[in-house]
1. Treating the Cα atoms of the range 369-408 as identical point scatterers in vacuum, please give the log10 of the normalised Debye intensity I(q)/I(0) at q = 0.15 Å⁻¹, two decimals.
2. Gap in Å between the Cα centre of the range 258-329 and the Cα centre of the range 99-165?
3. Compute the signed sum of charges (Lys and Arg +1, Asp and Glu -1) over the other residues within less than 14 Å, Cβ to Cβ, of residue 368.
4. Just report the Cα centroid separation between the range 383-433 and the range 26-63, whole Å.
5. Please tell me the relative contact order of the chain in percent, rounded to the nearest whole number, where contacts are Cα pairs under 8 Å and at least six residues apart.
6. Quick check: from the Cα gyration tensor, does the range 366-492 come out rounded (a/c under 1.5), prolate or oblate?
7. Which value in deg cm²/dmol, rounded to the nearest 500, describes the helix-derived mean residue ellipticity at 222 nm for the chain, given -39,500 (n - 2.57) per DSSP H run of n ≥ 4 and division by the residue count?
8. At a Cα cut-off below 19 Å, give the aspartates and glutamates reachable from residue 344, other chains included and same-chain residues fewer than 8 away excluded.
Amino acid sequence: MVTTLKKIRLRVIIIATLIYILALFVLIISLNQNILRTDIKRVLNTSENVEDFILKHPTAILPDNYKLLSATDKNDETKKIADGALYAETVTEKSVQITIPRYEEGKLKGYLQIVENRTSSLFESFAVFIFGLLFYFAAAFLLITRLYHNRKFIQETVSKIRSIERSPLTQSYLISQEDDKITIALNHLGESIQRQAESHTEKKENLYEFIEFFEFPIFVYNGRGKISKTNAAFKNDFADTTNLDIFSPYADFLSMLVDKMLQPDIQEKIYYFERISAYYHVRVLPLQELDNRFLVSMMDVTRYQRTLEAHKAFIADVSHEFKTPLASIKGFAEILENGKTSSKEARQFAAIINKESQRLTALVHDTLLLTKQNNRIERKKVNLLSVIQEIVKKAAPQISEKNLFMKTELSNVIQKTNQQMVYSIFENLVENAIKYTPQNGKIFVSLHSNGKKVIFTVSDNGVGLTEVQKARIFERFYRADESRSSVSGTGLGLSIVEKNVQELKGTIDVESVFGEGSTFTVTF
Ligand code: ADP
């Protein structure tokens, strides 16, 4: 860079010098030409006086440098005049010789030839040359001193800037004379940079402290591929890193960060972070005042997202489950409408329609129970023994119909709880034990309290569950294949039980052996 600059400067000097020499040369030539013109003019003026003198004194002898030639004289000069020139001239370095025609009554009479010494141009040329040279050196001297001063000025300014660089930001940088405007300006500049830097640092520190207050992950992105700062929640959910690479599996998330840099309006979106199985509501906020960094906040919305998905799935399940009995009712009603059925068939179809309507009613009832939002669970003292006794009494016809042996071991437990929910839990479990235990089977119901918690158990030696079935029985509308055909039900009973147990902050446990029986234990 420096050598290039030097080369350029040398080239400029050479070109400028050549132009200057050329100008000087042209000046000297034009000066010489001017002198020559003046010399010729002077000789021509003299010729008029000599002509006058000859006319007045025709016999007078002229000095050596004046010559009269006859009209018949032929030489190069007279030839030029004969060719039409007004006069002929022969110029040497030292003299100028002019040959002028002389006429008398319009007829060529002869020629007057005058030789005169030339004004010496050497001195003038030399003077111009010397003056030019002096001018050149003076200009060069001025230029060099100016350059030297400029260089010194630049060096001084650079060293002042360097000293600002080295100074601690908390003190005034340069001590100088008062009239040193550059130093004063640099001091001002330095102070202003210091103020800006301080305010910048302060803002940054404030922001960095501020993000720690939030319980959701936040990070500050520097816009150039690095994370400048993360809060504790971020470190907890992701990693203690400054490397944006942790997001490399999430191309769409990274592309949003890039988009953000191009179009700085606030952008927000929900992203699924597969590695940690979580949904985050991501919001990117440009921080123009902080070197165009970006504040990226990440709110964990996994629960909300899952609830949303569960709602969607629930609606889909409910619609699907409702379709089957509805289709059946519609189909048999159409057959009956045609009137081509025997009265026996008609009775059979009407019975099916009735059964499917009951199933639909049960579905509606259970769906409503399942979706019921218990914002405030009312609790009062409930005699759990009498609740169970009432349920068992209600179930007596089914028990005797299947000739089941039911044993109970019930303590007199009074607990502060929600009567309806407890009733629903007990009833569903007892009903299931009756439904899924074949003829002559055994059912055992027990109720105890350990002082703090209530333990309710229903055991049966019924059909039991395989491991796969056991894992799924709390799913909505799930019915183990065997039970679907023979036993009525909606597949919602245990979902309702689980929901109620959760709302009462209790637990439910299932033990079952396929073909041998099941035990459901509720603690609350
Ligand atoms: P439903 O009884 O209406 O079918 P539930 O949600 O109450 O629906 O039960 C879901 C499934 O769990 C039942 O269909 C049945 O296959 C199984 N199940 C529930 N209780 C028992 C039990 N005591 N013994 C064996 N299987 C049971």
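All of the numbers you see were taken from the coordinates with simple rules; none came from a lab. Because the structure is predicted, anything quoted here is derived from the model rather than measured. Neighbour counts run over all protein chains shown; Cβ positions are idealised from the backbone, glycine included.
1. One equal scatterer on each Cα of the range 369-408 leads to -0.60.
2. About 86 Å separates the Cα centre of the range 99-165 from the one of the range 258-329.
3. Local net charge: +1.
4. Using only Cα atoms, the two centres lie 155 Å from each other.
5. Working: 618 pairs, mean separation 34.4, N = 524.
Once normalised by length, the contact order is 7 percent.
6. Taking the square roots of the gyration eigenvalues as a ≥ b ≥ c, the range 366-492 is oblate.
7. Only helices count here, giving -18500 deg cm²/dmol.
8. 334, 356
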